[in-house]
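Q: Questions regarding the structure given below will be posed in turn.
The values are calculated or read from the model by the stated rules, or taken from the named source; none is laboratory data. On a predicted model such as this, the values are computed, not experimentally measured, just so you know. Cβ placement follows ideal geometry from the backbone for every residue including glycine, while neighbour counts extend to all protein chains displayed. Just the protein is used for accessible areas: all its heavy atoms, side chains included, with ligands, DNA and RNA removed. Shrake-Rupley method; radii C 1.70, N 1.55, O 1.52, S 1.80 Å.
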Amino acid sequence: MSEFFPQDPALLDAVVAWSRRRILEGQDPRATARPAAEILADLGPTITADGIGGHEALRRFVDVVVTSTRAQGDPLNLAYVPSAPTPASLVFDLAVSAAEIFAGTWEAGAGAIAAENQALAWLADLAGWPAGAGGAFVQGGTIGNLSALAAGRHAAATARGARPPGGWKIAATADAHSSVAVAARTMDAEILPVPGDERGRLTGDALEATVAGRDDVAAVVVTAGTTNAGIVDDIAGAAAVCARHGLWLHVDGAYGLAALAAPGARPLFAGIEQADSFVVDPHKWLFAPYDCCALVYREPARAAATHAQFAGYLEQIDRGEWNPSDYAIQLTRRPRGLPFWFSLATYGTAAYAAAVEKVLATTRELAAGIDAADHLELLFPPELSVVLFRRPGWSEDEMRAWSRRCARSGVILCVPTRWQGELVFRLCLVNPDTDAAAVLEALETMR
Ligand SMILES: *Cc1c(COP(=O)(O)O)cnc(C)c1O
């Protein structure tokens, strides 16, 4: 190895030293995307026959790559769904890389998988699921949703026989995440639209009216915290319908299910104990680095019937042990749940509960401040940690211009969204360091 790729302890020290500084000092909120031509001009040719050397490559990473990527963990980044990884989770990601673990199968990754499963068990327990529940950490909610829905479709096909003449349907509202439509398309299924209530929420009655009399519904998706507005569907109502019709119930909680950790918010998710699968992204609101989605099944064997891979070269795998590749569309995988596990083990679950509660409290404070501001208009009180509001009198172009100006100066990242046809401002909080007063001060520039 060293003949081709020599060790360089000084390079190792430089990379670790940069990482250490970055974790301790945080990110520059002014870092932002630039046109590719500009970035490439600054980066210069890096892939060459002789290499440019690690120290030079690191310099270009620090000066060009990092400065052209958004600060996802900045407390005033409130766009899309930001992230807020803990210091322990960030530094442990380095250790996970150094350990070079193949965590697709038990025989290769046993220790890592055992630790990851402790973190999954914590989540399953918060959902009120039995000890037999389990799954795997996958890349993100997109792959998690697809994997769970594929398991639901397989269960439907097993119970009800061949593909229905018009293909399988996935019941969901228009406010389900965009990845649910992609999952349906990938599976050659179609979305069966369930009408939402006035805020887009799925209710048991609407679901019943949609699925009654059909035999082509493979699965139902409820969203536990819509990405756009933080609205939680009526999970208990949906669960009753699914039980009546024998339908797979998947809870997409990629963003919002983190609030299961907050005792005050737990009643919002009543009924989840009856679902068949759920996802939650620790890289969103559970303080883990990218990328990390927890995918959990109440009866994991039903998922293994869909996802387990078999081949001559896989014959020696111990099928009696926990093989994460059985539970999602993946074989090779890094133990991406370990930074989350390490952080939970480091700080304790009480710190998680308090941090999520803090974000919920900050959101309420922020919404109250917006409601009280005479130049702003709150759409409705937040259910989780998304706030939608108007700036009456501004055109769409004025809204976008304000958003871009603030992003450039690093004051605040607040990006408009479309809500029921109207462009409105949206704030999404996941960071316990976000200060409501600082956000309200930034919003003063909308006057
Ligand atoms: C973010 C999100 C997803 C997609 O998750 P990724 O990790 O981005 O793939 C799915 N569903 C909901 C509700 C989300 O908020």
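Q: Which percent of the accessible heavy-atom area of the range 9-67 goes to carbon and sulfur, probe 1.4 angstrom?
A: Carbon with sulfur: 62 percent of the solvent-accessible area.
Q: Projecting each Cα onto the charge dipole of the range 335-444 (Lys/Arg +1, Asp/Glu -1 at the beta carbon, about the Cα centre), which of Trp402, Val359, Trp341 comes out farthest on the positive side?
A: Trp341
Q: Skip the ligands, DNA and RNA, and give the accessible area per residue of the range 9-67 with a 1.4 Å probe, whole Å².
A: About 70 Å² of surface per residue is accessible.
Q: If you roll a 1.4 Å probe over the heavy atoms of the protein chains, what accessible area per residue do you get for the range 260-321, in Å²?
A: For the range 260-321, the solvent-accessible area averages 41 Å² per residue.
Q: Please tell me the relative contact order of the chain in percent, rounded to the nearest whole number, where contacts are Cα pairs under 8 Å and at least six residues apart.
A: Normalised by residue count, the contact order of the chain is 20 percent.
Q: Also: Along the charge dipole of the range 1-104, Cβ charges K/R +1 and D/E -1, which of Phe61, Val81, Leu94 sits furthest on the positive end?
A: Val81
Q: Percent of accessible area on the range 109-168 owned by carbon and sulfur, 1.4 Å probe?
A: The nonpolar share, carbon plus sulfur, comes to 59 percent.
Q: Around Thr105, under 14 Å between beta carbons, what's the net of Lys plus Arg minus Asp minus Glu among the other residues?
A: Surrounding charge for Thr105 is -3.
Q: Classify the chain as rounded, prolate or oblate from the Cα gyration tensor: take a ≥ b ≥ c as the square roots of its eigenvalues, call it rounded if a/c is under 1.5, otherwise prolate when a/b beats b/c and oblate if not.
A: Oblate shape, in that a/c is at least 1.5 and b/c is the bigger or equal ratio.
Q: Please state the charge dipole magnitude for the range 208-302, taken about the Cα centre, from unit charges on C-beta atoms (+1 on K and R, -1 on D and E), reported in debye and rounded to the nearest 20.
A: For this selection, approximately 180 debye.
Q: Note the full-extension length gain between Ala372 and Tyr80 as 0.36 nm times their separation in residues minus their Cα-Cα distance, in nm to one decimal.
A: My answer for the length gained is 102.7 nm.
Q: Sticking with this one: Once each part is reduced to its C-alpha centroid, what is the distance from the range 38-79 to the range 149-165 in angstrom?
A: So the two Cα centres are separated by 46 Å.
Q: For n ≥ 4 DSSP H runs only, could you compute -39500 (n - 2.57) per run for the chain, divide by its residues and tell me the 222 nm figure to the nearest 500?
A: That calculation yields -12500 deg cm²/dmol at 222 nm.
Q: If I compute solvent accessible area with a 1.4 Å probe over the protein chains, what percent of it on the range 312-447 is carbon and sulfur?
A: Ligands and nucleic acids excluded, carbon and sulfur give 52 percent.
Q: To continue, here is another question. Highest mean first, what order results for 411-419, 61-69 on Cβ atoms within 10 Å?
A: 411-419, 61-69
Q: Show me the trypsin sites (Lys or Arg not before Pro) within the range 103-211 that DSSP assigns to loop and that have at most 15 other Cβ atoms within 10 Å of their Cβ.
A: In loop regions of the range 103-211 (DSSP not H, G, I, E or B), the sparsely surrounded trypsin sites (Lys or Arg not before Pro) are Arg199.
Q: Right, here's the next one. If one computes the Cα centroid of the range 318-377 and of the range 14-28, what distance in Å separates the two points?
A: Using only Cα atoms, the two centres lie 23 Å from each other.
Q: Further question on the same structure: The chain: longest stretch without exposed GluC sites (Glu not before Pro) (DSSP loop, at most 13 other Cβ within 10 Å), sites themselves excluded?
A: 322-447
Q: Let me ask something else. Could you please put Phe4, Phe269 in sequence from largest to smallest accessible area, using a 1.4 Å probe?
A: From most accessible down to least: Phe4, Phe269.
Q: Next up: Antiparallel DSSP bridges in the chain: what percent, to the nearest 5?
A: Just about 55 percent of them are antiparallel.
Q: Another question, then. Can you tally the net charge around Trp285? Count Lys and Arg as +1, Asp and Glu as -1, for every other residue whose Cβ sits under 15 Å from the Cβ of Trp285.
A: Once positives and negatives cancel, what remains is -3.
Q: Quick check: net charge around Asp435, other residues with Cβ under 10 Å of its Cβ, Lys/Arg +1 and Asp/Glu -1?
A: Once all neighbours under 10 Å are counted, the net charge is -3.
Q: Give the distance, in whole Å, between the Cα centre of the range 194-214 and the Cα centre of the range 84-103.
A: After rounding, the separation between the Cα centres reads 42 Å.
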